[in-house]
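Bear in mind these aren't lab numbers, they're just calculated from the coordinates by the rules spelled out. Bear in mind the structure is a predicted one, so any value in this text is a computation, not a measurement. Neighbour counts are summed over all protein chains in view; Cβ atoms, including those assigned to glycine, are modelled from backbone coordinates with ideal geometry.
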Amino acid sequence: MKDKVKATGKVKFELTRADGSVDEWNIENLVVTVGRNHIADQLAGQLEAAMSHMAIGEGTTLQVVADTALESEVSRKVFASKDQGTGADANKVIYVADWAAGEGTGAITEAGIFNSATAGTMLTRTTFAVKNKGAGDSLSIQWTLTISG
């Protein structure tokens, strides 16, 4: 009997413009090799720091499993929340980070999850078409990581 365990992610972005209009998009992400190793570390109780931060950047190179950092990080925030799902969703972890007006402004094209305020281990990375976050805009990212077979 073979049982294949997979870690996958879906990311929901909500960019609220200064005028109140909302740009929302959803994409899938890549769990990178060092992120998979981190999951194994956590299962083995090796005490590597838990995931705690989300970062956004302006890198345009597509994500690959060998990535260990964002290509061009702009801003990193501690999670606003981190919760495990319940019931049928108990195999999910939902991470949320928020950037207020004046934070993380620029031509945002990538995002990732890390276990440190600087550097650290990257769990996941995604890239997407440019979304310009102006100084008066706010951004909320909800990242759902699913462990499945």
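Couple of notes before you dig in:
- Length-normalised contact order for the chain - Cα pairs under 8 Å, 6+ apart - percent: 33 percent
- Those aspartates and glutamates that a straight Cα-Cα span of less than 14 Å connects to LYS12, excepting residues fewer than 8 apart in one chain: ASP23, GLU24, GLU28, ASP98, GLU110
- Centroid-to-centroid separation of the stretch 1-24 and the stretch 77-139 [C-alpha atoms, Å]: 9 Å
- Length added when fully stretched, ALA90-LYS10, from 0.36 nm per residue minus Cα-Cα: 27.2 nm
- Listed residues ASN132, ASN29, ASN115, most fluctuating in the chain (Gaussian network, C-alpha, under 10 Å): ASN132
- For the pair ALA18 and ASP83, the difference between a 0.36 nm per residue extended length and the Cα-Cα distance amounts to 20.5 nm.
- Inter-label distance, nm, simple model (7 Å from Cα along the C-beta direction), TRP25/ALA44: 3.8 nm
- Pairs from the list LYS10/LYS77; LYS4/LYS77; LYS10/LYS133 with a Cα-Cα gap above 27 Å: LYS4/LYS77.
- Candidates GLY112, GLY87, GLY104: whichever shows maximal mean-square fluctuation once the chain is modelled as a Gaussian network with Cα springs under 10 Å: GLY87
- Computed [θ] at 222 nm, deg cm²/dmol, the chain (DSSP H ≥ 4; -39,500 (n - 2.57); rounded to nearest 500): -2500 deg cm²/dmol
- Considering only trypsin sites (Lys or Arg not before Pro) in DSSP loops that have at most 15 other Cβ atoms within 10 Å, the longest stretch of the chain without any of them is 18-149.
- To the nearest ten degrees, helix 33-44 and the longest principal axis of the Cα atoms of the chain are 50 degrees apart.
- Computed FRET value (nearest 0.05) for ALA66 with ALA100, which takes r as the C-beta separation and R₀ as 25 Å: 0.15
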